[in-house]
Amino acid sequence: MAKINTEIQYEKALERIDELLLLVDNQTSNKDKNFIELDLLSDLVSEYEEIYFPVQKPSLPDIIRLRMAELKISQKKLASILNVSPSRISEYLNGKSEPTLKIARLLRDELKIDADIILG
């Protein structure tokens, strides 16, 4: 098989990968037929998933929500940290408003969000 073209082929490849994972471990030689088949199928599945199930870059609101959850802080607490109103935080989280440069710096410094993510 040179390429996975259909969802049925994709599902069958995943089933076969599950079977092969029971036969292949870290001690298996890379010349073993099961290892080779697993390696080839994994590459084919990966290529199919990149086309049909691409991983999207998370949005700034998603990243802010994640950091809030990780830090266990509420919107009210974040508003206090950033010195803005809770309604402004709501606007950021709903994508209705973009942070100013000052707020972007605070997000970087206080929530440790990478500047590249904040600036898009």
Check your understanding: Of all residues in segment 63-97, how many are in contact (Cβ under 8 Å) with a residue 24 or more places away in the chain and either surrounded by fewer than 11 Cβ atoms within 10 Å (Cβ to Cβ) or in a loop (DSSP other than H, G, I, E, B) (or both)?
Key -> 2
Check your understanding: Do you know which of the residues in segment 17-35 that are hydrophobic (A, V, I, L, M, F, W, C) and surrounded by 15 or more Cβ atoms within 10 Å (Cβ to Cβ) is nearest to residue 3 (Cα to Cα)?
Key -> 17
Practice item. Output yes when any residue across segment 105-118 is under 30 Å from residue 10 (Cβ atoms) and either of a type in the set (Ser, Thr, Tyr) or part of a helix (DSSP H, G or I) (or both), and no when none is. Key: no
Review point. Restricting attention to segment 47-101, and to residues there that are β-branched (Val, Ile, Thr) and within 30 Å of residue 9 (Cα to Cα), which single residue is farthest from the chain's Cα centre (by Cα)?
Key: 51
Practice item. Could you check, for segment 21-41, whether at least one of its residues is in a helix (DSSP H, G or I), out of contact with any helix residue (DSSP H, G or I) (no Cβ under 7 Å at 6 or more places or on another chain) and under 19 Å from residue 108 (Cα atoms)? Key: no
Practice item. Find the residue count for segment 1-14, including only residues that are in a helix (DSSP H, G or I) and either among the hydroxyl-bearing types (Ser, Thr, Tyr) or surrounded by fewer than 10 Cβ atoms within 10 Å (Cβ to Cβ) (or both). Key: 2
Check your understanding: List, please: which pairs have Cβ atoms under 9 Å, are six or more places apart or on different chains, and start with a residue in segment 32-60 that is within 26 Å of residue 94 (Cβ to Cβ) and in contact (Cβ under 8 Å) with a residue 24 or more places away in the chain and end with one that is assigned to a helix (DSSP H, G or I) and among the hydroxyl-bearing types (Ser, Thr, Tyr)?
Key -> 60/92
Revision key, fill the gap. Selection from segment 50-61 of residues surrounded by fewer than 14 Cβ atoms within 10 Å (Cβ to Cβ) and part of a helix (DSSP H, G or I) yields 50, 51, 52
Check your understanding: Is at least one residue of segment 53-65 at pLDDT below 95, within 29 Å of residue 7 (Cα to Cα) and among the aliphatic types (A, V, I, L, M)?
Key -> yes
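The values are calculated or read from the model by the stated rules, or taken from the named source; none is laboratory data. Owing to the predicted nature of the structure, the values given are computational and were not obtained by experimental measurement. So basically every Cβ, Gly included, is an ideal-geometry build from the backbone, and we count neighbours across all protein chains shown.
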